[in-house]
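Trainee: Supplied in structure tokens, the structure appears directly below.
Derivation of every value follows stated rules applied to the coordinates shown; laboratory data play no part. What you see is a predicted model, and the numbers here were worked out from it, not measured in a lab. Every residue, glycine among them, receives a Cβ derived from its backbone with ideal geometry; neighbour counts consider all protein chains shown.
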Amino acid sequence: MKRTINSLFAFWAVIVIFLVVPQQVNAAMINSRAALMVDADTGQVIYQQNIDQKLPIASVSKLLTACVIEDEVAHHQLSWHQKIKITPAVAAVSNDPDYSAVGLQAGQSYTVRELFDVMLVKSADGAALALATANGKTIKQFNTKMVKKAKQIGLRNVTIVNSVGLRNGDLKQVTQKGIKKQSENAMTARDVAILSLYLIRHYPQVLDITKRPQENFTVFPGKVVVADNSKEMLTGKNYEMPNVTIDGLKTGTSDKAGECFVSTGMYHGHRMITVVLHANGGNGDRFVDTQRLYQYLQNNVHPRRVTLSHRQAHPEIARGDRKRLAVGVAPVDIWQDSKFHYRLQVHYRQKLTNFNGQLVAPVKKGQRLGSATIESKSLKTIDKKPLTVNLYSKETIKRHGLFN
């Protein structure tokens, strides 16, 4: 529980700073049904268009599949070196030229690591299907795990049909009974961004896979397939951008989903995530729209470090050998333009304050004192929660006398 500071000794401190509002995308600029840009460190929404409509996501689904597999490895339910034997049903999907295929062979075994990597680099459909059947699991059982994981992450508007992102009827021999053949996975752009944030925060090593330009995949001894990365904004590829280093994350394509692309990359030391769902037009439009999102970032907003006002940075402290304490705030940047503002509200930890809400000595240097909440109708975050930063003491203040 936190106590509001409202006495002679302490106060609500307010600082006004100009800030970016998540822009409503001009349809002439972004030719996609949904588009979104998020700061991966803070979750601040920088750019948004139709982000709460559930849309088909095709192979973007494999990001959720990756989360489940990473969890199972982390909990020792799977190992990267464990081998999975390919069934004829999985091989049929993996060898269909209309799909993202690497030609897995029936009866051949591949490690979880091999299948996982080619799933993220090439978007291999058969690999995602094979991973779902590891340890004898059925497609239905893995779907249940995906739904459970989605709820745990905080995804709110999700439809899961399979681990691949194909329509149910496209799974051939493993088409699921009781589900319409035309059914396929769907999420909102907001949920896709939350999923992507979760994956790179909890399993950042996936970026070492998603940034590879290609994957040399051994189909069987003597036959190696060079699987090119489907993400055309990586360094050296056709849609590479200056000043932005893209190292992930996932493409997706289907008749209903159109062209989809989830990117993540570094821009001047800041990790960004973009989501483009159902890019309209020809091949490559998902990358063009993603470029436009980064161009908006470069041309219209810039980061500004959150700072405390003088009174916030030097609050009074009771029973100390000094009357005021030097307070710092954890380094956080907010993307801003010149039009809007927010309020920075300070909340101290209850156990560090007296009944008047004033800090009380002793306090150690580096000790967490509480938090500062950035509040504004203009500031939007991907999870709709207030953006908060930690407060800490920049010095040690000893207790001075019982009644001082």
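Trainee: Which cross-chain or sequence-distant (5 or more) residues have an amide H under 5 Å from the amide H of residue 321, H modelled 1.01 Å from N in plane?
Mentor: Hits under the 5 Å cutoff: 398, 400.
Trainee: Another question, if that's okay. Can you tell me the FRET efficiency between residue 367 and residue 172 if r is taken as the Cβ-Cβ distance and R0 is 60 Å, rounded to the nearest 0.05?
Mentor: 0.50
Trainee: Using +1 on the beta carbon of Lys and Arg, -1 on that of Asp and Glu, and nothing else charged, what's the dipole of the chain about the Cα centre, debye to 20?
Mentor: About 1980 debye.
Trainee: Continuing with this model, one more query. Loop only per DSSP, at most 10 neighbouring Cβ atoms within 10 Å: give me the trypsin sites (Lys or Arg not before Pro) in region 145-220, ordered by residue number.
Mentor: 177
Trainee: Could you point to the label whose value was computed as Cα Rg over 2.2 N^0.38 Å for the structure here, given [x] 1.41; [y] 1.16; [z] 0.99?
Mentor: [y]
Trainee: Using the basic label-point model (7 angstrom from Cα toward the beta carbon), what is the residue 305 to residue 224 distance in nanometres?
Mentor: Rounded to a tenth, the inter-label distance reads 4.8 nm.
Trainee: How far apart, in nm, are two points set 7 Å out from the Cα along the Cα-to-Cβ line at residue 314 and at residue 339?
Mentor: 3.7 nm
Trainee: Residue 214 to residue 235: extension gain in nm, 0.36 nm per residue of separation minus the Cα-Cα distance?
Mentor: Once the chain is fully extended between residue 214 and residue 235, it gains 6.4 nm.
Trainee: Could you work out how far apart the two model spin labels at residue 137 and residue 354 are, taking each label as a point 7 Å from the Cα in the direction of the beta carbon, and quote it in nm?
Mentor: With each label point 7 Å from Cα toward Cβ, the separation is 5.7 nm.
Trainee: For residue 265, list long-range residues whose amide hydrogen, built 1.01 Å from N in the peptide plane, is under 5 Å from its own amide hydrogen.
Mentor: 247, 272
Trainee: While we're here: Show the residues, 5+ positions off or on another chain, whose built amide H is closer than 5 Å to the amide H of residue 47.
Mentor: Here 23, 37 satisfy the definition.
Trainee: Could you derive backbone 3J(HN,Hα) for region 373-382 from the dihedral phi with the Karplus parameters 6.51, -1.76 and 1.60 (θ = phi - 60°), listing whole Hz in sequence and x where the residue is Gly or Pro?
Mentor: Rounded to whole hertz, the list is 9, 8, 10, 5, 5, 7, 8, 10, 10, 5.
Trainee: Hey, what number do you get for the chain at 222 nm if only DSSP H runs of n ≥ 4 count, each worth -39500 (n - 2.57), divided across all residues, to the nearest 500?
Mentor: -6500 deg cm²/dmol
Trainee: Can you sort 67, 260 from fewest to most other Cβ atoms within 10 Å of each residue's own Cβ?
Mentor: Ordered from fewest to most neighbouring Cβ atoms within 10 Å, 67, 260 come out as 67, 260.
Trainee: While we're looking at this one, here's another question. With θ set to phi - 60°, apply the Karplus curve 6.51 cos²θ - 1.76 cosθ + 1.60 along region 83-91 and write out the HN-Hα couplings as whole Hz, x wherever there is a Gly or Pro.
Mentor: Result, ordered by residue: 9, 10, 7, 7, 8, x, 5, 5, 4 Hz.
Trainee: Another one. Have a look at the DSSP beta bridges in the chain and tell me what percent are antiparallel, nearest 5.
Mentor: Taking every DSSP beta bridge within the chain, about 95 percent pair in antiparallel fashion.
Trainee: Can you give me the Cα centroid spacing of region 148-221 and region 339-380 in angstrom?
Mentor: Between the Cα centre of region 148-221 and that of region 339-380, the gap is 39 Å.
Trainee: Where is the GNM fluctuation largest for the chain (alpha-carbon springs, 10 angstrom cutoff): 378, 309, 61?
Mentor: In the Gaussian network model the winner is 309.
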